[in-house]
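One structure is given here, and the rest of the page talks about it.
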Amino acid sequence: MELLVESRLSPMEVLVAGTLESARFFGADDRLGSLEPGKVADLVLVEGDPLADIRAMRRVKRVMLNGRWVALPRGDQALSDEPLR
């Protein structure tokens, strides 16, 4: 991501390329690639604003896969493991 920004893509263009455009390429944009009702909840929570500094993507705090929080390595379950509805 950082190299793409160094290559003159904006941070927003990089994030869209890695999410919505990737889903479109694989023909899965009807269920993946953006936050919309009815789509699969895959999220990455980072510390900071990747639009201001793409390096914030290195500071991953939580990951949600298929609507469920992935367990943290240190066993921290501060957020609910219940699926989003």
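What to note about this one:
- Full extension of the chain segment joining residue 56 with residue 28 gains 7.4 nm, where the gain is 0.36 nm per residue of separation less the Cα-Cα distance.
- Segment residue 44-residue 21, extension gain: residue separation times 0.36 nm, minus the distance between their alpha carbons: 6.6 nm
- Translational diffusion of the chain, estimated by Stokes-Einstein from the Kirkwood radius over alpha carbon pairs at 37 °C in a medium of 0.692 mPa s, is 232 µm² per second.
Computed from the coordinates by the stated procedures, all read-outs in this text should not be read as laboratory data. Computed from a prediction, not measured in an experiment: that's the story for all the values here.
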